[in-house]
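To keep things clear, I will list the structure first and then write my remarks on it.
Since every read-out is calculated from the coordinates, none of them should be taken as a lab result. Keep in mind that what you see is a predicted model, and the values were worked out from it rather than measured. Quick reminder, even Gly has a Cβ in these numbers, built from the backbone with ideal geometry, and neighbours come from all protein chains shown.
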Amino acid sequence: MPELPEVETTLRGIEPHIINKKLEKVLIHNAKLRWPIPKQVKKLEGKTVVKLMRRAKYLQVFFDDGQSAVWHLGMSGSLRICSAFEERKKHDHVEWQFDQDTVLRYHDPRRFGALLWANLGEEPEQFDNLGPEPLPIYQETTEFSGEWLFERSRKKTSPIKTFIMDNKNVVGVGNIYANESLFHAGIKPNKPAGRVSKQKYMQLAECIQDVLAKAIKQGGSTLRDFVGGDGQPGYFQQELFVYGRTGEPCKVCGSKIKEEKIGQRSTFYCGRCQR
DNA sequence: CGTATCTCCTGCAAGC
DNA sequence: TGCTTGCAGGAGATAC
């Protein structure tokens, strides 16, 4: 399940293959993704890729006329480069053919992903309510910080885990990294966001950044569906301290990792290390 | 407005 | 073995 680091890894994986190349052919085998693929995407044929950027979990590809296509990998989506002669797999929904050795294929069994469209100087409306980037990769700075989270969270009664998974507060933190960040910050996931101290938010902001940066460094982690941009299986998987470790001993204190549902999502934590 | 729940989809695993 | 059921989850939609 691609989170921010996996999207960043995908971008870095495909960029060298498609930058400054002309898109010769667009094949849409199944336009029914999360939203129907806009027909403008077909008109990308003949245009050249000039830049790739990531915003939250969106991967934006700019062409030489200033227009852009925006991928979202959803739950099970992946982008990879392959040869034109490689047999298409089930759930390969979209192909961008640059040359015989350079075909970008979008694979997505669950079709929670999307391919969006943006005109020159515009962004998809999905970008409208996005909060700050946790890592200043595409800007020099980011307004994301412990202070930011603290101020945003005042009087919020929902659990801290739900709070950091809300794109309006910080983008790119999905279930795995939310669980891991909260463990490293020593915060119980169900603690109301408004009752977490400023000091704890300072720690949490740092942990979120560390966990994401580490995952990017390791090439993105994932559980089952991600395939790296170069077609390498994405099972790099950084060491997980709590996610999926129900009943196993905490790597810090040895007590059993607990599991419960928060906002319909599986949540893992150490009852001793997290308060 | 904030908060909680539902929803899309397919593959996999567990249970009978 | 073969069925049914439930679960995984990003994030928009919907309901209160």
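At a glance:
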{"quantity": "By average C-beta atoms within 10 angstrom, highest first, the peptides A:44-55, A:171-182", "calculated": "A:171-182, A:44-55"}
{"quantity": "Rounded to whole Hz, the Karplus (6.51, -1.76, 1.60) HN-Hα couplings of the stretch A:132-137, x for glycine and proline", "calculated": "x, 6, x, 10, x, 9"}
{"quantity": "Farthest toward positive dipole pole in chain A [+1 Lys/Arg, -1 Asp/Glu at C-beta], among A:Ser181, A:Ala193, A:Pro36", "calculated": "A:Ala193"}
{"quantity": "Cut-off under 5 Å, modelled amide H: who pairs with A:Lys51 long-range", "calculated": "A:Phe62"}
{"quantity": "Residue of A:Gly263, A:Gly244, A:Gly194 that the Gaussian network model of chain A assigns the largest fluctuation, springs spanning Cα pairs under 10 Å", "calculated": "A:Gly263"}
{"quantity": "Given charges at beta-carbon only (K, R positive; D, E negative), |dipole| of the stretch A:4-127 in Debye", "calculated": "380"}
{"quantity": "Charged-residue dipole, Cβ positions (Lys, Arg, Asp, Glu), the stretch A:65-186 about Cα centre, Debye nearest 20", "calculated": "800"}
{"quantity": "Nearest-20 debye value, chain A charge dipole, Cβ charges on Lys, Arg, Asp, Glu", "calculated": "1300"}
{"quantity": "Most positive-pole-ward Cα, A:Phe62, A:Phe112, A:Val49, against dipole of the stretch A:4-127 from beta carbon charges", "calculated": "A:Phe112"}
{"quantity": "J(HN,Hα) series, the stretch A:145-151, from Karplus relation 6.51 cos²θ - 1.76 cosθ + 1.60, nearest Hz, glycine and proline x", "calculated": "5, x, 4, 4, 4, 4, 4"}
{"quantity": "Rg/Rh ratio calculated on Cα atoms of the stretch A:72-114 (Kirkwood radius)", "calculated": "0.98"}
{"quantity": "Paramagnetic reach from A:Gln139 (point 7 Å along Cα→Cβ, amide N under 18 Å) across the stretch A:58-77", "calculated": "A:58-60"}
{"quantity": "Ordering of A:264-270, A:249-255, A:4-10 by packing [mean C-beta count within 10 Å, highest first]", "calculated": "A:4-10, A:264-270, A:249-255"}
{"quantity": "³J(HN,Hα), Karplus 6.51/-1.76/1.60, whole Hz, each residue of the stretch A:106-115, x for Gly, Pro", "calculated": "9, 10, 7, x, 8, 6, 8, x, 8, 10"}
{"quantity": "Full-extension gain in nm, A:Ala213 to A:Leu120, via 0.36 nm per residue minus C-alpha separation", "calculated": "30.4 nm"}
{"quantity": "Chain A: angle of helix A:175-185 to the longest principal axis, Cα-based, in degrees nearest 10", "calculated": "40"}
